[in-house]
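A short worksheet on the structure shown next.
Bear in mind that the values in this text are calculations on the coordinates, not laboratory data. This one's a predicted model, so the numbers in the text were calculated from it and none came from an experiment. Cβ: placed from backbone, ideal geometry, glycine included. Neighbour counts: every protein chain shown.
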Amino acid sequence: MLKIWGRGNSTNVKKALWAAEELSIPYENIPAGGAHGIVASPEYRAINPNSRVPAIEDDGFALWESNTIVRYLAAKYGEARLLIADPAARASAEKWMDWTTSSIAGPFRDVFWNTVRLAPDQQDHAAKAKGLAECSAMFEIADAALASQPYLSGEDFGVGDIPLGCFAYAWFEMPITRPDHPHLFAWYERLRARPAYRKAVMIPLT
Ligand SMILES: N[C@@H](CCC(=O)N[C@@H](CS)C(=O)NCC(=O)O)C(=O)O
């Protein structure tokens, strides 16, 4: 059976869990990382030498990097669900996965840690304000794209929606001041209607 290593409250782990749920793949989730430890052990480092989560093992095949895991699961188990055949349409969808990692993940971490994870007396307000400004500018770009299509993947939900969808949950649920992004919010509401999203992503932030 597919093994997914990683604690379920990690944004990157949620991507793998959500993809498995969407594709109805039977899997075992082994909590790892954070308070669960495990990631520094030689056994885990043989699966992921980065000591990070998520990682998967599938019939003896080990893989790390959350976006790659999502693409792998969709390619192996998707039967054309979640992945588009046409190269241009597929690339248009997948670019949002890489964009989320390169443009959102860093500033988002500053907001998330200084709002949710750290105790109030340890929070860095300047880093949070900078992260909020940078995230807001990036979400503006996604909002503009979603003005003319229901999903980042195009007309239908697909892998392109999964990374940002995981960040969107925390973005909209954290007690922060956000700019009004109506198309982004409408997309988030569409994700919230998906049972797999509710199960894998919409869990308490702490
Ligand atoms: N680029 C990697 C980043 C993985 C990553 O940084 N994961 C974090 C959790 S979101 C982690 O492992 N943190 C250490 C820990 O949880 O112990 C990916 O997308 O898989």
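Details
- Virtual paramagnetic centre 7 Å along Cα→Cβ of residue 137, amide N under 16 Å, in segment 162-180: 179
- Which of 181, 125, 36 has the fewest Cβ neighbours within 10 Å, and the rest in rising order: 125, 36, 181
- Extension gain for residue 189-residue 174 works out to 3.8 nm (0.36 nm per residue, less the C-alpha to C-alpha distance).
- Of 121, 156, 143, the one that fluctuates the most in a GNM where the chain has Cα springs shorter than 10 Å: 121
- Lysine pair count for the chain [Cα-Cα under 17 Å; pairs on different chains or 8 or more apart]: 7
- Gyration tensor verdict on the chain (Cα atoms; rounded if a/c is under 1.5, prolate if a/b is larger than b/c, oblate otherwise): oblate
- Sequence ranges 161-168, 58-65, 194-201, ranked by mean other-Cβ count within 10 angstrom, highest first: 161-168, 194-201, 58-65
- Cα-based shape type of segment 2-77, given that a ≥ b ≥ c are square roots of the gyration tensor eigenvalues and the cut on a/c is 1.5: prolate
- Charging the Cβ of each Asp and Glu at -1 and of each Lys and Arg at +1, and nothing else, the dipole of the chain about its Cα centre rounds to 340 debye.
- This ranking places 77, 44 by how few other beta-carbon atoms lie within 10 Å of each, fewest first, which gives 77, 44.
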